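The values are calculated or read from the model by the stated rules, or taken from the named source; none is laboratory data. Fair warning: this is a prediction, and the values are worked out from it, not measured in the lab. Ideal geometry is used to build each Cβ from the backbone, glycine not excepted, and the neighbour counts take in all protein chains shown. Surface accessibility is based on the protein's heavy atoms, side chains included, excluding ligands, DNA and RNA. Shrake-Rupley method; radii C 1.70, N 1.55, O 1.52, S 1.80 Å.
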Amino acid sequence: MEKNRVIEKLSWIFQSPLSTPQPMRNGFKEEQYLFFENYVHFLQDNGFTTKVILKKGEKANDDSQITVGDLTEEGLKFYIFGIRKWREKYDRVKNKDKTINDFAFIEKKLKEFREKQNQ
């Protein structure tokens, strides 16, 4: 897969008529920034990235993105396996704030992923 291929960019979420509530509800952008920050730091903290995507304390913005080359091979697999599931959960629930900070969910996905890799 091409290393420069963008697999996620925050501005896409804000531009998509399918995924963006119309009109955009108060706090939606801030939630998306925080959620992106949370899972980027999770990926970085678990050795799934090839570089620092966001430094500690750095805030996400509309241009924040993840490319294929930003992730290790294992990181790309985990992004598909765990991070996308976390986002799907976020899209389904009513309590968005709780889900954004639900590290128990993503830790469980990481455990499942590691167990699956060791089989």
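General remarks:
- Boolean, Phe103 is within 13 Å of the chain's Cα centre (by Cα), in contact (Cβ under 8 Å) with a residue 12 or more places away in the chain, under 20 Å from Ile7 (Cβ atoms) and surrounded by 12 or more Cβ atoms within 10 Å (Cβ to Cβ): no
- The set of residues in segment 63-119 that are among the acidic types (Asp, Glu) and in a helix (DSSP H, G or I) comprises Asp70, Glu73, Glu74, Glu88, Asp91, Asp97, Glu107, Glu112, Glu115.
- Summed over segment 28-57, the residues that are touching an Asp or Glu at 6+ places or on another chain (Cβ under 8 Å), free of Cβ contacts under 8 Å to residues at least 24 places away in the same chain and hydrophobic (A, V, I, L, M, F, W, C) give a count of 2.
- Number of positions in segment 60-84 that are within 20 Å of Ser11 (Cα to Cα) and among the charged types (D, E, K, R): 4
- Against the list (1) among the acidic types (Asp, Glu); (2) modelled with pLDDT under 95; (3) under 21 Å from Lys9 (Cβ atoms); (4) surrounded by 13 or more Cβ atoms within 10 Å (Cβ to Cβ), the condition Glu88 fails is (4).
- Candidate set from segment 5-51 (those that are in a loop (DSSP other than H, G, I, E, B) and among the hydrophobic types (A, V, I, L, M, F, W, C)); member that is modelled with the highest pLDDT: Phe48
- Filter pass, Lys56 being part of a loop (DSSP other than H, G, I, E, B), over 11 Å from the mean Cα position of the chain (by Cα) and surrounded by fewer than 17 Cβ atoms within 10 Å (Cβ to Cβ): yes
- Residue match in segment 64-77 (condition: β-branched (Val, Ile, Thr), free of Cβ contacts under 8 Å to residues at least 60 places away in the same chain and open to solvent by less than 70 Å² (accessible area, probe 1.4 Å)): yes
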